[in-house]
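Worksheet for the structure shown next.
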Amino acid sequence: MKDDEVISLDDEGERQMDASDELLQMATPSALLTLDGAIRSLNAAMARTLGRSVEQCVGRGFGDLLPASH
């Protein structure tokens, strides 16, 4: 972004969403967390790493989903 470039909140939100979508499409395990550590979204690779389905992970605390050995 250039110093003189003006970005509306909608443009910035769209850019953030694009980055989030790109992250979750990666082959490597990836997740987006809320500030308190709950999983907002994750990709299939992360769900497999956690040994759960995507649906079982969303909204739960990331630390609560880690296997006991971690």
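Could you please find all residues in the stretch 21-43 being under 15 Å from SER53 (Cβ atoms), in a loop (DSSP other than H, G, I, E, B) and of a type in the set (S, T, N, Q)? Result: ASN43, single match. Selection of the stretch 20-43 for residues being surrounded by 14 or more Cβ atoms within 10 Å (Cβ to Cβ) and small (Gly, Ala, Ser) yields SER20, SER30, ALA31, ALA38, SER41.
When MET46, MET17 are screened for being modelled with pLDDT of 90 or more, of a type in the set (A, V, I, L, M, F, W, C) and in a helix (DSSP H, G or I), only MET46 passes.
The values are calculated or read from the model by the stated rules, or taken from the named source; none is laboratory data. Values in this document were obtained by computation on a predicted structure and should not be read as measured data. All Cβ positions, even for glycine, are placed from backbone atoms using ideal geometry, and neighbour counts span all protein chains on display.
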